[in-house]
Each structure stands twice: as structure tokens, then as C-alpha cells.
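Report on the following structure.
Values in this text are rule-based calculations from the coordinates and carry no lab data. Small disclaimer: the values here were computed from a predicted structure and weren't measured. Here the Cβ positions follow ideal geometry from the backbone for every residue, glycine too, while neighbour counts run over all protein chains shown.
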Amino acid sequence: MARKNDSFYFDSFQACAELSCKGARLLADIMRSYDPDTLKQRMDEMHAIEQAADEYKHEVLDALVTAFVTPIEREDIAQLSDLLDTVVDRIEGVLLRLYFNNIRTIRPDSLELVEKIESSCSEMVKLLQELPQFKRSKTLRDTVIHINSIEEEADSLYIEAMHSLHTNCTDPMEVFTWHEIYTFLEYCVDSVEHVADVVDSIVMKNS
């Protein structure tokens, strides 16, 4: 395998972040205009995004096998690649749970969490665009902080949504299924924050 140049790794990270944004927009579109009868077809669209993210992850890991020199530490490249893939996996996970739990209507407060997923993924794209010039970037640290703030907002929404679910819903099955869905929605934002934390660590170690 030919040696990959430094831009290969950064370009792959950016591509995965953009796929996360695409997945977040698709999930938001599905949930805002929810039609359970078309969910199977939309799942195929989401799975194609997830498969594309997997491909980038595999290409990065394959390149690391033969790489002698990398732009940042090998362990950081592997971890960042894995975490970016996890974001897409989590987004797809929400859609899967809507499907196999046979959700017929969307609880309105779940849409607030979807909005936070979209916002955090958009910020993640900016973060990964800045990563190649992290040593001289003027905005990267602010973007990390913004992602942390979005995650805190999502945590608050999650707590209130769960409180409402457990105090106002009388159907045990609905409580069970939405408990899981809310948790996965919150996982999505958490997974973006994990990406931001690793980027922050990379900057600290290389400054």
C-alpha cells in the first residue's frame, strides 16, 4: 500500500463528520414529518450513510497498518476515526429503535433533542475542518467549547423529557420504548462531544 499523505487522514475525518451531518438531517426530517409506513425505506437511506462512514474508518485503519509517519499520533488517529464512526452509528440507532419499537407518533420533546444533534454535528464539521491547521487555528478551541455547551443543553432536555415521560405517561410500554429512544438521542450528542474532547486532547498534546 502506498504511503498516505497527511491530508488523507484529515480529509477522511472531515468526510465522516459531514456524513454525520447528513445522517442528523435525515433523522430530523424523518421525525419532523413522521410517517411510520415509510420508515423501512428511510432506514435504507440511513444505512447507506452508515456504510459510507464505515468505509472511511476502514480506509484510515488500513492506512495506519503500513504508515511509518503520521501527522498526529497513531493512537489519536485510530481513536478519532472510531469515535466519528460511532456518531453515525448512534444516529442510525435512533431510527432503528423507532422502527423495531413500532413507534406510531413522535413525542414533541424528542424533536428538541434532534435539533441538538443537528447543531452538534454542524459544529463538529467546523471542528474537523480546522483540525489540519490546529497549531495556528483561532477558532478550534471555541468550537470545542460550543460543542460542550450544546451537550449540556441536550442533557437538560433529556432530563426534562424523561421526567415528563415517567410522570405523565400511563402506558408502561410507551414508557419503556421512549425511555430507550430518549437515551439514544442523548447518546448522539454525547458521541459528538467525545469527538470534540479527543480533538481538544490532540491540540493540547501537540501545542
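Percent of Cα pairs in the range 103-196 per distance bin of 10 Å, from zero to the largest separation: 17, 41, 24, 13, 5, 1.
At 1.306 mPa s and 10 °C, plugging the Kirkwood radius over alpha-carbon pairs of the chain into Stokes-Einstein gives what diffusion coefficient in µm²/s? Each step should come with its number before you reach the end.
Working: Rh = 17.8 Å.
The Stokes-Einstein estimate is 89 µm²/s.
Quick one: work out Rg over Rh on the C-alpha atoms of the range 39-120, Rh as Kirkwood radius. My calculation of the ratio gives 1.11.
A compact globular protein would have a Cα radius of gyration near 2.2 N^0.38 Å; the ratio found for the range 160-207 is 1.77. Counted by Cβ distance under 14 Å from Arg104, the other residues give a net charge of -2, where Lys and Arg count +1 and Asp and Glu count -1. Computed extension gain for Thr66 through Phe8, at 0.36 nm per residue and net of the alpha carbon distance, reaches 19.5 nm.
Exactly which trypsin sites (Lys or Arg not before Pro) in the range 67-157 are in a DSSP loop and have at most 14 other Cβ atoms within 10 Å? Mind dumping the intermediate values first?
Values: sites: Arg74, Arg90, Arg97, Arg104, Lys116, Lys126, Lys135, Arg136, Lys138, Arg141; in loops: Arg104, Lys135, Arg136, Lys138.
Passing sites in the range 67-157 are Arg104, Lys135, Arg136, Lys138.
Axis of helix 172-205 versus longest Cα principal axis of the chain: the two differ by about 20°, to the nearest ten degrees. By the compact-protein rule of thumb, 2.2 N^0.38 Å, the alpha-carbon radius of gyration of the range 133-174 corresponds to a ratio of 1.96.
Here the gap between Val175 and Glu59, fully extended at 0.36 nm per residue and compared with their Cα-Cα distance, gives a gain of 37.7 nm.
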